[in-house]
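Each remark here refers to the structure printed beneath this line.
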Amino acid sequence: MDMLDAQNAAAAPPPVIHREDYRPPDWLVPDIALDFTLDPAATRVKARLSVTRNGVHQRPLRLDGDGLTPVAVRIDGEPQADAWRMDGPALLIDLPGDAHEIETEVEIAPEANSQLMGLYASGGNLCTQCEPEGFRRITFFPDRPDVLSRYVVRMEADKARYPVLLSNGDRTGGGDLPGGRHWAEWRDPFFKPTYLFALVAADLVANRDSFATRSGKQVELAIWVKPDDLPRTEHAMAALKASMAWDEKVYGREYDLGEFNIVAVADFNFGAMENKSLNIFNSRYILADPDTATDVDYDNVAGVVAHEYFHNWSGNRVTCRDWFQLSLKEGFTVFRDQSFSADQGSAAVKRIEDVRALRAAQFPEDAGPLAHPIRPESYIEISNFYTATVYNKGAEVIRMLHTILGPEKFRAGSDLYFERHDGQAATCEDFVTAMEDASGVDLTRFRLWYSQAGTPRVRATLTHEPAGGQARLTLEQEVPPTPGQPAKQPMPIPLRVALYGEMTGEVFGGERLVMLEDQHQEILFEGIGERPILSINRGFSAPVTVVSERSAADLAFLSARDDDPFARYEAMQQLMVDTLVGAVARGSADHRPVIDAVQDTLRNSALDAAFIAEAVLLPSESFIGDQMAKVDPVAIHAAREALRRDLGQELEDEWRASYAKTHANRYEYTPAAKGLRRLKTVALGYLAASGAEDAAIIAHRQFRDADNMTDRQGALATLANSPWPERDEALAAFYDRYRDNGLVIDKWFTTQALSTRDDTVDAVEKLAKHPDFTLANPNRIRALVGAFSVNQKAFNDASGRGYRFLADMVLAVDKLNPQTAAKLVPPLGRWRRFDEGRAALMRKELERIVATPGLSKDVFEQASKSLG
Ligand code: TRP
Ligand code: ZN
């Protein structure tokens, strides 16, 4: 046994939890009363649980705990010393009867809580995060989502320090206490699992508004922030009201309490949390004004506000039976927030953005060592399964149901699901069954989308017999092997398909929905008098990779003519990918077809600026790499930059015209103005790539004169990639202007971490020592380290310094915040996709992580599986 093995053997590997092992809870807790005596250093938590035996058994009551020591335990009012025992972190109590009252008392230290799970301090305020298993860090309880309780929460605190005391439900009491203290009581009439509990004690102010529901109920809305941030809450408030109206209109779902509170905090492990009537948000998804937030930030605020609000039905009224069902609430809710955002602005651009995000985050996950189905079969740490697969592929699976059933039957299925399971903890199976029962459509095989991991590949071949006027579409699917799933069954894949006549440009017989059910399938089209061009997976109707040999001319045709905007975008992307993959393989490529297609798009006056800006962008370096057998990051970067330079030079007049057309606009947050701003910065990027002499001047002028963050940050990103002397001056000016705004300083870190310059690794190592860099704030970690790890050129530096930097950060963050540390690991797990040299360097870092004593189970799971 060598040193490494000895170390691993020393610590028992953490247990694996399996979906198949699900058993209903032994004890239920219909009521809980919590009493908090709040103090940042020492908070007392008293809990009174009414427990009832569930079924016939003799097993003890098991109350989960994490780092808790009982100060007192009472059973039916009697203090107990012997009737309970600790089983590791959990509290076990033998109970004679079928119903008892259990009281426990513990002390916790929120200001020492660096994991940001349970009760913790952020910016001098106290708040909670309980999903998935944070409640056990607050009090002893069966901390699982199928135990639903009615909560009464009393809290007291220093009034000057914490004037605002919030919890779930309605405020039912409060008042002053001696010694400058005060108290409040909240009651939530709805049964809920622990993960939806929340408490806030804070010195914050509210943007208040109200919403009248369809049935005429008045809901008081409040968004709580630091006083300076109050002017930045209007956009979130507007989005909240729009979400409430949208859920009534599109899903028939009304809000169910008299109050809805949102609290923004600066230190948060995730985007936001849907606690019943008391959503807690990462402040980056609440705060927005033109001077500090980009258009993308505005869109993200609206999307996340909607997402958390929609959880009130898809997640809270109907919750998850166990954590393997996470996609039941997350996939459905992401689909709902995507649909909401599509309805608020340009649906075409929203679809392009969502697919781009899926391909950037989920496709690599599905193709790597951490691949799992949207309903996983096992986990070590559930926090590691809040993934792009569960969220984004989960949303695509719901979208396919919508496509297959059609909007009316889908809505009937959703109504039935909510009616059947209101107040329950449900499963993915319950959801599919409701869809099946309401629609009459057999979804037996569709269920494979819940159990099989991996992105299916569909090979599509179109042949034409001009004599008989027939076209034959041959489809073949293959679902690649993934960890634990070597062999797969064919899945039902809904493909929206159209055939275009090469000469006339007409669509033959309109669009068809083709259901690919088998491994191999042929579809015959009649009456095809001229050579047809295949448009397939229109609207990205299925989350698959389509492989179809189409000529550059056919792709150019579709990029100019297809009437499905996504398909049009996709044709251009394919043309660009084919060109770039060819360039990497052969050392050079003919750029002409791409240049001509981009020129056509830029000159097409029927297209809006937002769409044009998306369509003319080259695919990312990582997406190009995903299309290749082995990733060569240096060659990919060179090929992509060469194409960018040619596009910039050949179309210089077009870029200047686009820039001029978009330049003069006054700031407004409308879809049209957003599109113009996007195109403006894209044009600036191409002008810079062209080497035009005045590009630096134009970029610097945009930076200096901008009246909004979108233009300012767009110019800064261009400057940050450049060798121009204006670069350092702009970075310094940006820093000075925003040094007191953490969210904008995050952008300052990210812009430098994403730079394509040769000195980026040095710069990032230096930034990690900047006084504003801190491991205590997850946003800051993601801004520097997370951004750096997606910078293909710098992260994959042949020296391995990028990999070492990331591993050092993982280990440093793990000591404070395991959840956030574990999310940094996956880029190292891509080693199989790289050359031997880089693969060895990445593995070395993963091995170093796994061999570190005292590792969290979060990081252990991600790093050990990544070595796999
Ligand atoms: N349920 C939250 C959402 O999707 C996710 C979430 C918030 C979360 N905080 C978390 C997940 C902490 C894991 C850990 O909106
Ligand atoms: Zn969610």
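The values are calculated or read from the model by the stated rules, or taken from the named source; none is laboratory data. What you see is a predicted model, and the numbers here were worked out from it, not measured in a lab. When we count neighbours, we look across all protein chains shown, and the Cβ atoms used for this are built from the backbone with ideal geometry, even at glycine. Just the protein is used for accessible areas: all its heavy atoms, side chains included, with ligands, DNA and RNA removed. Shrake-Rupley method; radii C 1.70, N 1.55, O 1.52, S 1.80 Å.
How many nm is it between the label spots at residue 171 and residue 586, if each spot is 7 Å from the Cα in line with the beta carbon?
7.1 nm
How large is the charge dipole for the chain, taken about the Cα centre, if only the Cβ atoms of Lys, Arg (+1) and Asp, Glu (-1) carry charge, to the nearest 20 debye?
Dipole magnitude for the chain comes out near 440 debye.
Using a cut-off of 14 Å between beta-carbons, work out the net charge of the residues near residue 22 (Lys and Arg +1, Asp and Glu -1, residue 22 not included).
Result for the local shell: -3.
Using the Karplus curve 6.51 cos²θ - 1.76 cosθ + 1.60 with θ = phi - 60°, what ³J(HN,Hα) values do you get for each residue of region 22-29, in whole Hz, with x for Gly and Pro?
So the J values, rounded to whole Hz, are 4, 10, x, x, 6, 10, 9, 10.
Using a 10 Å Cβ count of at most 11 others and DSSP loop calls, identify the longest part of the chain lacking such trypsin sites (Lys or Arg not before Pro). All intermediate terms of the calculation are to be shown ahead of the outcome.
Details: sites that count: 666, 769.
In the chain, the maximal stretch lacking such sites is 1-665.
Under the Karplus relation 6.51 cos²θ - 1.76 cosθ + 1.60, θ = phi - 60°, what is the ordered set of whole-Hz ³J(HN,Hα) values for region 66-75, x standing for Gly and Pro?
Karplus-based 3J(HN,Hα) across region 66-75 equals 9, x, 9, 10, x, 7, 7, 9, 10, 10 Hz.
How do 339, 314 stack up against each other in accessible area, from largest to smallest, with a 1.4 angstrom probe?
Ranked list, largest accessible area first: 339, 314.
Bins of 5 Å, beginning at zero and ending with the bin holding the largest distance: percent of Cα pairs per bin for region 369-417, please.
5, 19, 23, 16, 14, 13, 9, 2
In what order, largest first, do 307, 402 sit by accessible area if the probe radius is 1.4 Å?
Ranking 307, 402 by accessible area, largest first, yields 402, 307.
Quick check on the chain: of the DSSP beta bridges with both residues there, what percent are antiparallel, nearest 5%?
80 percent
Using a/c under 1.5 as the rounded threshold, could you call region 245-378 rounded, prolate or oblate? The axes a ≥ b ≥ c are square roots of the C-alpha gyration tensor eigenvalues, and prolate needs a/b larger than b/c, oblate otherwise.
Rounded, since a/c falls under 1.5.
Taking amide H positions as placed 1.01 Å from N in the peptide plane, with prolines and chain starts having none, which residues 5 or more places from residue 140, or on another chain, fall under 5 Å of its amide H?
Excluding prolines and chain starts, which carry no amide H, there are no hits.
Can you figure out the FRET efficiency of residue 444 with residue 21, using R₀ = 25 Å and their beta-carbon distance, to the nearest 0.05?
Approximately 0.50, to the nearest 0.05.
So, how do all the Cα-to-Cα distances of the chain break down into 20 Å bins, in percent, from 0 on up?
Bins of 20 Å from zero give 14, 46, 33, 6, 0 percent of pairs.
With everything on Cα atoms, drop me the angle between helix 709-720 and the longest principal axis of the chain, reported from 0 to 90° to the nearest 10.
That helix lies at roughly 70 degrees to the long axis.
Please work out the Kirkwood hydrodynamic radius for region 74-143, using every pair of different C-alpha atoms, and report it in angstroms with one decimal place.
Hydrodynamic radius (Kirkwood, Cα pairs) of region 74-143 is 13.9 Å.
For the chain, what is the accessible area per residue in Å² when the probe is 1.4 Å? Please report the intermediate quantities before stating the final value.
Numbers: 33300 Å² over 868 residues.
That works out to 38 Å² per residue.
Within the set 46/241; 192/241; 769/793; 276/865; 793/844, which residue pairs have Cα atoms separated by over 29 Å?
Values: 46/241 37 Å; 192/241 24 Å; 769/793 22 Å; 276/865 35 Å; 793/844 20 Å.
The pairs that break the limit, which is 29 Å between Cα atoms, are 46/241; 276/865.
How much solvent-accessible surface does residue 735 expose, in Å² to the nearest 10, with a 1.4 Å probe and all protein chains in place?
40 Å²
Can you work out ³J(HN,Hα) from phi for every residue in region 166-176, in order, using Karplus 6.51 cos²θ - 1.76 cosθ + 1.60 and θ = phi - 60°, giving whole Hz and x for Gly and Pro?
10, 8, 7, x, 10, 7, 10, x, x, x, 8
If amide hydrogens are placed 1.01 Å from N in the peptide plane, which non-local residues have theirs closer than 5 Å to the one on residue 174?
Hits under the 5 Å cutoff: 185.
Given 0.36 nm per residue, what is the gain on full extension from residue 733 to residue 697 after removing their alpha carbon distance, in nm?
Numbers: separation 36, 0.36 × 36 = 12.96 nm, distance 1.60 nm.
Taking residue 733 through residue 697 to full extension adds about 11.4 nm, to one decimal.
Which whole-number percent gives the relative contact order of the chain, counting Cα pairs below 8 Å spaced six or more residues apart?
8 percent
Measuring from label point to label point, each 7 Å out along Cα→Cβ, what is the residue 69 to residue 83 span in nm?
Going from the residue 69 label point to the residue 83 one covers 2.4 nm.
What residue among 349, 285, 320 has its Cα farthest toward the positive end of the dipole of region 266-355, where the charges are +1 on Lys, Arg and -1 on Asp, Glu, each on the Cβ?
Going by the charge dipole, the pick is 320.
In nm, to one decimal, how far is the residue 630 label point from the residue 512 one, both placed 7 Å along Cα→Cβ?
For the pair residue 630/residue 512, the computed spacing is 4.3 nm.
To the nearest 10 square angstrom, how much accessible area does residue 441 have with a 1.4 angstrom probe?
Estimated to the nearest 10 Å², residue 441 gives 40 Å².
Give me the percent relative contact order of region 447-505, please, defined on Cα pairs under 8 angstrom at least 6 residues apart.
Relative contact order comes out at 30 percent.
Counting only protein heavy atoms, what percent of the accessible surface of the chain is carbon or sulfur at a 1.4 Å probe? Before the final figure, lay out the partial values.
Values: 16960 of 33300 Å².
Carbon and sulfur together cover 51 percent of it.
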